[in-house]
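First up is the structure itself, then whatever we jot down about it.
The values are calculated or read from the model by the stated rules, or taken from the named source; none is laboratory data. Treat the numbers as computed from the prediction; the structure is a model and nothing was measured. Here the Cβ positions follow ideal geometry from the backbone for every residue, glycine too, while neighbour counts run over all protein chains shown. All accessible areas refer to the heavy atoms of the entire protein, side chains included, with ligands and DNA or RNA removed. Shrake-Rupley method; radii C 1.70, N 1.55, O 1.52, S 1.80 Å.
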Amino acid sequence: MTPSDLIADVRALNPAPATPLTADEEQRMRHLLERLPHDARRPSRHRTAEAETETRPARRRALPVIGFSLLGAGALTVVLVASNVLGLAGWRGGADSAAASALESAAVASIEASDPVVGPGQYLRITTNAVYSASTGDGAGGFTSFLDGSRDELYVPYDRQGDWVWMRHAREPVQTFGPASEAFAAEMHALEEDELLRAPAGTFYGGSPTEISGDYDALPRDPNQLLNAIYAKTLTQGQSRDGAAFVWIADVLRNGTVPAELRAALYQAAARIPGVTITEQQASLDGTTGIAIGRVEPSTNIRQDIIIDPGTGQFIGEREISLVANNGLPAGTPSESTTVSITVVDTAPEGGTVYGNHPPGDQL
């Protein structure tokens, strides 16, 4: 496959570019593609499917992965990342006008807002209330499921190299669906109890519990460049490149530690993803109401939403809803949802199990 063929494939993927390539930009793209190994320019198609029985709630439920690309991973990554003017962002349209307007308003409000300021001796407390589906095979080819609730409080010190404290409250059933579901929930929570952990620099279990996706400082603030970087990061994930990119944005926002200028850029990047719409004008999560903006993945009938307040730029939370009955959950049931709130506090809980530089299992 020649560079001309690759350029034609990129244009086939993106039939209506927002800004046509200039002759100089096309030459730059051609030069980049000429430098790729031959195998990287070969068209590829990947399709994998896995059926998995879950017996514990998952933070991000595994789904069958169906990926399709006209370009090899190496070629597409170069097209997305190596040049600021090339990539998928903006070529195929974006969110509908109402969703784009709400996201732009939230971006402007985020820039005008002030992030919480943590002083010496203080902590940033990130409170996360989450609901996840727990499923197991019912022995007849189906699934038994219930919705599991959890509440976490993460205390991040002013000195990020100091001890982080993580209060994990015992999970509790939120919703069951019949006698078998009730019995499964009771079995899963028979030994549940609160857990208090601490670790220098947040190195719980070998890494930070906030699951931050990379270095915030390394992410572009220009929304087109940011979206191209996200497409590259999620190249082999999810059922589609747009769906994977939108889920990545939701995952990063729910960490609760995204600075205002990056939060604004993430909203603007989401506005450039095709298929994004307002899914609910008044959506409530954990008692807080905002606008739900989401995208349906056609191959799975699963919708990913983010809930925001366009007036303040506040990220309220995110949720995942199956539009059809799935794994024992009725159609329209949110199988996952997360709300995040942030405050500055003067103290953190004492004691707990110590991780990181201390032997696991030590007690203070």
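For segment 288-298, what does the Karplus curve 6.51 cos²θ - 1.76 cosθ + 1.60, with θ = phi - 60°, yield as ³J(HN,Hα) per residue in whole Hz, taken in order and with x for Gly and Pro?
10, 10, x, 9, 8, 10, x, 8, 8, 8, x
Once you list every other residue whose beta carbon is under 15 Å from the beta carbon of Ser110, what net charge do they have if Lys and Arg are +1 and Asp and Glu are -1?
-3
Run the accessible area of segment 238-364 with a 1.4 Å probe and give the carbon-and-sulfur part as a rounded percent.
The C+S portion of the solvent-accessible surface of segment 238-364 is 49 percent.
Between Asn301 and Arg151, what is 0.36 nm times their sequence separation minus the Cα-Cα distance? Round to one decimal in nm.
Going from the current span to full extension adds 51.2 nm.
Chymotrypsin sites (Phe, Trp or Tyr not before Pro), restricted to segment 135-183: which are DSSP loop and have at most 14 other Cβ atoms within 10 Å?
Of the chymotrypsin sites (Phe, Trp or Tyr not before Pro), the ones in loops of segment 135-183 whose Cβ has at most 14 other Cβ atoms within 10 Å are Tyr158.
Whenever you get a sec, line up Ile291, Ile111 from highest to lowest accessible area (probe 1.4 Å, protein heavy atoms).
Descending order: Ile111, Ile291.
For Glu280, which sequence-distant residues (separation of 5 or more, or a different chain) have an amide H within less than 5 Å of its own amide H, given hydrogens modelled in the peptide plane?
Ala292
Starting from a Cα-only point model with no solvent, please compute log10 I(q)/I(0) by Debye for segment 252-364 at q = 0.18 1/Å.
-0.93
How many nm separate the modelled label positions at Val174 and Glu280, each set 7 Å beyond the Cα in the direction of the Cβ?
Distance between the two pseudo-spin positions: 1.1 nm.
Quick query: amide H of Arg171 versus all other amide H atoms, modeled in the peptide plane; which residues come in under 5 Å with a sequence gap of 5 or more or a different chain?
Glu193
Could you put Val118, Val296, Val174 in order of accessible surface area, largest first, with the 1.4 Å probe and the full protein assembly present?
Val174, Val296, Val118
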